Amino acid sequence: MSSWLDGSALDRQTELRADEEWVLAAWSDSGAVLLRVGDASVETTPTGALALRPVESTFDPELHYLLGSIDGRPWFATRAEEELTALRSVMDELSAASLQAAFTAVGLAAWHANTGFCPRCGAETRAVHGGQSRRCTSCGNELYPRTDPAVIVAMLDPAERLLLGRQPSWAPGRYSVFAGFAEIGESLEQAVHREMAEEVGLELTGLTYLGSQPWPFPRSLMVGFLAHAADPQLVPAAGEIEDARWFTRSGLLAALASGEVTLPPSTSIARRMIDDWLDGRLPG
Ligand SMILES: [Zn+2]
């Protein structure tokens, strides 16, 4: 896992891809590779790495989406008809660059599959700019893949205990930090205050931005905050929060060792926040 503030391993070539000739040249590049993806799945090798196929067919802008380049090699994505390997099951083993490409590919392919018609006039749309956007064939409306911002919160009480909770639909024993989508007209900070009040009845006394992570199920951007509460009294939202608890570091380690508690995958921002707190880097 890269540090919170590292740059991207995937060069998205935002300027160049507007040129169709340039996209065609990238497709013809001898190092170009094609990654097949499903709704939340990717094609993998028997060892769990991404299966990167050589580019052999004719370029079709409706089928082939440029992700960008990694170490000078153009990466394209295409949508597979069949079910592939669940991305969640392999993402902890992928390199930072492969993970970024896989996240982009899954989110982008799902967006193309669901954006065939113009929301303004209802006419068909066509992929343009190497799959970075779609354009309406009737009114010319340009559509771009949006990402939905969600806040995720490492919540501490005055004793530096961390708040973890679980929803009724989660696997037994799974606990995580709290998260929720930002609403229209709301700042990320306001979303943190609202979510923590709604879900566990906490009033925050401090808020610090930590970092963010894309989460392509289907197309979220998780924005991490460290927050403090002066009064640790919890009022979990009925029906939504099955359990919410303050953990000491030793208490969580014991619960993990006994199997009473399991945590999200290590690639997730949630796990990263929990691990940083366990290691004393939060509140740092
Ligand atoms: Zn239109």
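Values quoted throughout were computed directly from the atomic coordinates according to the rules given, and no laboratory measurement underlies them. Small disclaimer: the values here were computed from a predicted structure and weren't measured. Neighbour counts are summed over all protein chains in view; Cβ atoms, including those assigned to glycine, are modelled from backbone coordinates with ideal geometry.
So which strands (runs of 3 or more DSSP E) are wholly in the range 100-212 and hold at least 2 residues that are farther than 21 Å from LEU234 by Cβ?
Values: elements: 125-128, 133-136, 148-156, 162-166, 178-181.
In the range 100-212, 125-128, 133-136, 148-156 are the strands (runs of 3 or more DSSP E) which contain 2 or more residues that are farther than 21 Å from LEU234 by Cβ.
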Of all the residues that make up the range 239-251, how many are out of contact with any Leu (no Cβ under 7 Å at 6 or more places or on another chain) and within 19 Å of LEU210 (Cβ to Cβ)?
0
Here are THR205, THR147, THR137: which of them is surrounded by 12 or more Cβ atoms within 10 Å (Cβ to Cβ), of a type in the set (S, T, N, Q) and away from the ligand (no atom under 16 Å from the Cβ)?
THR147
Within the range 79-123, how many residues turn out to be in contact with a Gly (Cβ under 6 Å, 6 or more places away or on another chain), surrounded by 16 or more Cβ atoms within 10 Å (Cβ to Cβ) and farther than 11 Å from ARG36 by Cα?
1
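When the range 72-94 is examined, which residues are found to be touching a residue at least 24 places away in the same chain (Cβ under 8 Å) and assigned to a loop (DSSP other than H, G, I, E, B)? Spell out the reasoning first.
Residues of the range 72-94 touching a residue at least 24 places away in the same chain (Cβ under 8 Å): 72-80, 82-88, 90-94.
GLY72, ALA80, GLU82, GLU83, LEU84, LEU94 - these are the residues of the range 72-94 that are touching a residue at least 24 places away in the same chain (Cβ under 8 Å) and assigned to a loop (DSSP other than H, G, I, E, B).
Residue by residue through the range 250-279, note down the ones that are assigned to a loop (DSSP other than H, G, I, E, B) and free of Cβ contacts under 8 Å to residues at least 12 places away in the same chain.
Going residue by residue through the range 250-279, those that are assigned to a loop (DSSP other than H, G, I, E, B) are 259-261, 263-268, 279.
Matches in the range 250-279: ASP279 only.
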For SER266, work out the one condition from (1) buried (at least 17 other Cβ atoms within 10 Å of the Cβ); (2) closer than 23 Å to TYR209 by Cβ it doesn't fulfil.
(1)
Among (1) more than 16 Å from the ligand (Cβ to nearest atom); (2) touching a Pro at 6+ places or on another chain (Cβ under 6 Å), GLN132 falls short only on (2)
